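The values are calculated or read from the model by the stated rules, or taken from the named source; none is laboratory data. Every value quoted in this text rests on a predicted model; they were computed, and no experiment measured them. Cβ coordinates were reconstructed from backbone atoms using ideal geometry, including for glycine residues, and neighbour counts include every protein chain displayed.
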Amino acid sequence: MIKYYLQFLYHSKNEHSLHSPFVFELYTKIIQSKTKFPVFEQIENLRKKLLKNSSIIEITDFGAGSRIYKTNQREIRQIAKNAEKNPKFGNLLFRLIQHFKPSTIFDLGTSLGITTIYESKAYQDSKITTFEGCPATANIAQQNFDELNCKNIEIVVGNIDDTLPQELAKIKQLDFAFFDANHRYEPTVRYFELCLEKATEDSVFVFDDIHWSDEMHEAWQYIRNHKDLMISIDLFYVGLVFFRKNQPKQGFVLRF
Ligand SMILES: C[S@@+](CC[C@H](N)C(=O)[O-])C[C@H]1O[C@@H](n2cnc3c(N)ncnc32)[C@H](O)[C@@H]1O
């Protein structure tokens, strides 16, 4: 990651480099916005509670595994500390969803559900399907959704390899997707291509940890160069892609 971060620092730019009106608006008004919403405090209070929870659950891992832990026994507070995206990215997803108002959202990799709750509260008319392979983790996530009264989330438990094609078959179009599950090249590209079949010109896909490993870096290169998408924005920890047909194909590397 250090190597990729140094490359990012060298290549990344700010709003003064932006000639695309769509990306300029998005970057200055949505991505860089510092606006806090009252619900953020509620979500962060839930995170604080999870960070103090020392109950142990048995993890079922279908993904790239943990770089930190060697056993499958995990305290909830350890998951809250290491797996959940931090508030800055929860806030970013909230702003993106509030701005684009997607009707159908797929959230790949629920974990304890903190980021899913940000998505849910951003636009309560959306229907969110969130995917988690570990039944014990999904159980805690469901409790968190209930505690914060999130009525627009359905959690699908099982390996995304199986559940994603099943859930895609049920929808007409996919307006927004957050990919934060199996951090390896092959599944990331495969999930992207499956979701692509239901993408429209206005869909927005967000990829997490795009430079977490060589494999994820390669997956991001594949995705951002894909013929079907027009705009990619690399914010280092996350990458955003857009399919807008009336735009010239462009890739941006922007500080966040
Ligand atoms: C990094 S965590 C997600 C964090 C969450 N998006 C957040 O920010 O709050 C990744 C989650 O994806 C799940 N996962 C990884 N690979 C999976 C697969 N193939 N099928 C189902 N779930 C998977 C893991 O069990 C883990 O809970």
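Quick notes on this structure:
- Count of residues meeting criterion [within 14 Å of the ligand (Cβ to nearest atom) and either touching a residue at least 60 places away in the same chain (Cβ under 8 Å) or within 24 Å of LEU229 (Cβ to Cβ) (or both)] in the range 164-175: 3
- Of all residues in the range 133-156, exactly one satisfies the criterion of being of a type in the set (Val, Ile, Thr) and within 8 Å of the ligand (Cβ to nearest atom), namely THR137.
- The selection criterion, being surrounded by fewer than 18 Cβ atoms within 10 Å (Cβ to Cβ) and either away from the ligand (no atom under 16 Å from the Cβ) or under 16 Å from ASP107 (Cβ atoms) (or both), does not hold for TYR191.
- Index of the failed condition, ASN159 passing every other in (1) near the ligand (Cβ under 8 Å from one of its atoms); (2) under 18 Å from THR115 (Cβ atoms): (2)
- Within the range 206-230, the set of residues being modelled with pLDDT of 95 or more, out of contact with any His (no Cβ under 6 Å at 6 or more places or on another chain) and crowded, with 19+ Cβ neighbours inside 10 Å comprises VAL206, PHE207, ASP208, ILE210, ALA219, TRP220, ILE223, ARG224.
- Restricting attention to the range 118-151, the residues that are part of a loop (DSSP other than H, G, I, E, B), of a type in the set (S, T, N, Q) and surrounded by fewer than 17 Cβ atoms within 10 Å (Cβ to Cβ) add up to 2.
- Every residue from the range 87-113 that is under 12 Å from the mean Cα position of the chain (by Cα) and either over 26 Å from GLU193 (Cα atoms) or in a strand (DSSP E or B) (or both): ASN91, ILE105, PHE106, ASP107, LEU108
- Criterion: β-branched (Val, Ile, Thr) and either crowded, with 16+ Cβ neighbours inside 10 Å or touching a residue at least 24 places away in the same chain (Cβ under 8 Å) (or both) - qualifying residue of ILE2, ILE31, ILE56: ILE31
- Check on TYR118, in contact with a Gly (Cβ under 6 Å, 6 or more places away or on another chain) and either within 8 Å of the ligand (Cβ to nearest atom) or touching a residue at least 24 places away in the same chain (Cβ under 8 Å) (or both): yes
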